[in-house]
Amino acid sequence: MHYDDVIAASFEPSPAGAIARPSQRPSPARRLRDAIEPIAMHSVWARRTNEALAGLGHDFITSYVMGRSALMGRPEPGVVAAAFAVFEPALVRSVHEHGRSLCDRDEL
């Protein structure tokens, strides 16, 4: 799966006049998530980052898994699968192992 395909499938323009509003009385956890999420997901949704990783042989999904797991150092695939708790573990392990075969963490 390539970046442009994911963008086309995942995003559509907001309706005319739509205004994003903050959560009413957000919890501390929600405020922390709202502060960190744009930074954490920059590597996932930034075109330049995806293009650079494509130059190393990564597609969107290996970029996503490797970008997120690289922050944990050099974890074993099972640790990565556990950290990506909402994803099917065998898929995460497989993508992680393939991503590691494309380049090492330092190059990533």
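Where a number appears in this text, it was derived from the coordinates with a stated rule and is not lab data. Everything numeric in this text was worked out from a predicted model, so none of it was measured. We place every Cβ from the backbone using ideal geometry, glycine too, and count neighbours over all the protein chains shown.
Looking at Ala29, Ala16, which one is among the hydrophobic types (A, V, I, L, M, F, W, C) and part of a loop (DSSP other than H, G, I, E, B)?
Ala16
State all residues of the stretch 32-56 that are closer than 21 Å to Ser101 by Cβ and touching a Lys or Arg at 6+ places or on another chain (Cβ under 9 Å); if no residue qualifies, say none.
Going residue by residue through the stretch 32-56, those that are closer than 21 Å to Ser101 by Cβ are 43-44, 49-56.
Within the stretch 32-56, Ser43, Val44 qualify.
What is the number of the single condition among (1) buried (at least 19 other Cβ atoms within 10 Å of the Cβ); (2) within 12 Å of the chain's Cα centre (by Cα) that Val95 does not meet?
(2)
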